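The values are calculated or read from the model by the stated rules, or taken from the named source; none is laboratory data. Here the structure is a predicted model, which is why all the values come from computation and not from measurement. Ideal geometry is used to build each Cβ from the backbone, glycine not excepted, and the neighbour counts take in all protein chains shown. These accessible areas exclude ligands, DNA and RNA; they are computed on the full protein's heavy atoms, side chains included. Shrake-Rupley method; radii C 1.70, N 1.55, O 1.52, S 1.80 Å.
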Amino acid sequence: MFVASNGAYRRTKIVIDWINIGIGAAVVLMAAAIFITGGRANFLLPLVFFAGAGINALHAAKKFFRFERKKGVVLVLIALLFAVVTVASAVILWSGQ
């Protein structure tokens, strides 16, 4: 379905894109830190999953803006799965410290 892009909608999409770029860069840096340190930075792993949940949630919001509800719902479910993995990995990694 075609949606006319007014100024507010276009700005919202741009803000979401820039947030996704920032989160993606942070994930790359955290993953590099985990691999470079040989696992001593495993405490960052739940943050990587949390960032993945955030990226999927923001992408779902864009889908809902474009009236692609089915794709948006799938992305929300994936974001919730990432949130569950975030909690599970945080409990496993952070409870032993």
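Of the residues that make up the range 34-48, is at least one outside any loop (DSSP other than H, G, I, E, B), at pLDDT below 90, open to solvent by less than 90 Å² (accessible area, probe 1.4 Å) and touching a Lys or Arg at 6+ places or on another chain (Cβ under 8 Å)? No: zero hits. Within the range 62-72, the residues that satisfy the criterion of being open to solvent by less than 100 Å² (accessible area, probe 1.4 Å) and touching a helix residue (DSSP H, G or I) at 6+ places or on another chain (Cβ under 7 Å) are Lys62, Lys63, Phe64, Phe65, Gly72.
Scanning the range 65-97 for residues that are outside any helix (DSSP H, G or I) and of a type in the set (D, E, K, R), we see that the one that is farthest from Ile16 (Cα to Cα) is Glu68.
Here is a yes/no grid of residues against (1) touching a helix residue (DSSP H, G or I) at 6+ places or on another chain (Cβ under 9 Å); (2) farther than 30 Å from Ser95 by Cα:
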residue	(1), (2)
Tyr9	yes, yes
Ile16	yes, yes
Ile19	yes, yes
Ala32	no, no
Gly38	no, no
Ala41	yes, no
Ala51	yes, no
Ala60	yes, yes
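Of all residues in the range 76-92, those that are open to solvent by less than 60 Å² (accessible area, probe 1.4 Å) have Cβ atoms under 8 Å from Cβ atoms of residues that are of a type in the set (S, T, N, Q), 6 or more apart or on another chain, in Val76/Asn56; Ala79/Asn56. Ile16 meets all of the listed conditions (1) in a helix (DSSP H, G or I); (2) open to solvent by 60 Å² or more (accessible area, probe 1.4 Å); (3) at pLDDT below 90 but one, namely (2).
Selection over the range 40-52 of residues that are within 23 Å of Val84 (Cβ to Cβ) and free of Cβ contacts under 8 Å to residues at least 40 places away in the same chain gives a count of 7.
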